[in-house]
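Encoded as C-alpha cells, the structure appears first; notes follow it.
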Amino acid sequence: MKASYIYYKFIRGILRLCFPHAENVYEETPGDEPAVFVCNHSAIRGPVMMTLDFKRKHQTWTVSCALDSKEAANYAYHDILFGRTRKPEWFWRMMSRIIAKMLPPLLIYSDTIPVYHDKNIIKTFKQSVKALMEGNDLVIFAESPRRYSEFVCNLQEGFIDIARLYYRKSKKAIKFYPVYLEKKNAVISIGKPIAYDPELPLDEQRPIIAEYLRDNIDRLGRALPPHKPVPFMAERWYTKYGEYENDVQGYWAMIQGKE
C-alpha cells in the first residue's frame, strides 16, 4: 500500500473525529440519473463534509494548482492562509510550503477533477462529462469572492456549461441541486433542483441557473436552526485582496504567477 494512501486514510480518520456524521436531507429525492450538486464552501468545512458524508457516488471539482505540489505553495499562501494579511511573511511562506506537501495526496484520493483557470478548462469539462456518463454526480463549489449574503457568495457561472456538453453526449437534460453545508447542525441540506433546458440558449440560462442556486443555498441556510455561517472568504481577505472581489480571473492569474 502506498505511503500517500496511508497518509490520506490517517488524515481522513482525524477529520472523521472532528466532524460529526452529517445527515443528507433532500427536499426532492434525486432519481438514478447523475446530477450536479452546487454547494457553499464554508471554508474547509464544505469539502470535508461532502467527502465524508455525501452518500451518492460523486467526483468533486478542485482547483488544479492545489493538486500540484509545485503550484500548491502559492495557492496555499494566498487562498488558504490569506498570506497578505499575516506577518511575518517568511513564516507563512514556510507554512504554505508545508501545506503544499500535505494537500495533493488528500485531494487526489478524494475523487477530484482538476479545474483549470485557462484554456485547459476543456480538460475539466471532458473529465466531467466522462464522470457523468459513468454514473457519477459532480460536486462543485462555485462561489466567487463577490459577496451576496452571510450564507453564500455570488456564484461563478462557467460550470453551467457542463449541461450543454453532457446533453450533446447523452441527450439528457441534467439537473443542478443547491446544497447548503453547516457543521454545527451536522446537515447536508439539498434543495429542489433546476434543470438545463436544451431548447433555450445557454447564454440565457447561465444567470438564471446561477441565481436560482445561489438564492436557494441562501434559503436553505436561513431555514436551519440558529448557527454562525462560515463565509467562503474570511472578512480579512477583503482587506488585502479586495481588488479581486469582482475579478476572479485576475485572482487566479496572481496565484499562478500569470499576471
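The values are calculated or read from the model by the stated rules, or taken from the named source; none is laboratory data. Treat the numbers as computed from the prediction; the structure is a model and nothing was measured. Cβ: placed from backbone, ideal geometry, glycine included. Neighbour counts: every protein chain shown. Ligands, DNA and RNA are stripped out before the accessible areas are found, and what is left, the full protein with its side chains, is counted by its heavy atoms. Shrake-Rupley method; radii C 1.70, N 1.55, O 1.52, S 1.80 Å.
If you go through the range 93-113 and keep only what is open to solvent by less than 20 Å² (accessible area, probe 1.4 Å), of a type outside the set (A, V, I, L, M, F, W, C) and under 17 Å from Thr60 (Cα atoms), you end up with just Pro104. Within the range 51-79, the set of residues being at pLDDT 95 or above and open to solvent by 60 Å² or more (accessible area, probe 1.4 Å) comprises Lys55, Lys57. In the range 226-248, the residue that is farthest from Thr85 (Cα to Cα) out of those that are of a type in the set (Asp, Glu) and assigned to a loop (DSSP other than H, G, I, E, B) is Asp247. Please specify each residue of the range 81-126 satisfying the condition of being polar (S, T, N, Q) and under 27 Å from Tyr5 (Cα atoms). The answer is Ser96, Ser110, Thr112, Thr124. Taking the criterion of being touching a Lys or Arg at 6+ places or on another chain (Cβ under 6 Å) and open to solvent by 70 Å² or more (accessible area, probe 1.4 Å), the only residue of the range 12-27 that qualifies is Glu27.
Residues that are polar (S, T, N, Q) and outside any strand (DSSP E or B) were ranked within the range 1-35; the one that is farthest from Cys153 (Cα to Cα) is Ser4. Annotation for the range 146-159: no member residue is over 30 Å from Lys2 (Cβ atoms), among the hydroxyl-bearing types (Ser, Thr, Tyr) and surrounded by fewer than 15 Cβ atoms within 10 Å (Cβ to Cβ).
Within the range 175-223, the residues that satisfy the criterion of being open to solvent by 70 Å² or more (accessible area, probe 1.4 Å), free of Cβ contacts under 8 Å to residues at least 60 places away in the same chain and either within 16 Å of Glu28 (Cβ to Cβ) or β-branched (Val, Ile, Thr) (or both) are Ile208, Arg219, Ala223.
When Val48, Val38 are screened for being open to solvent by less than 50 Å² (accessible area, probe 1.4 Å), in a helix (DSSP H, G or I) and touching a residue at least 24 places away in the same chain (Cβ under 8 Å), only Val48 passes. The residue that is nearest to the chain's Cα centre (by Cα), counting only those in the range 114-130 that are open to solvent by less than 60 Å² (accessible area, probe 1.4 Å) and hydrophobic (A, V, I, L, M, F, W, C), is Val115. Scanning the range 23-45 for residues that are on the phi > 0 side of the Ramachandran plot and of a type in the set (Ser, Thr, Tyr) turns up at least one hit.
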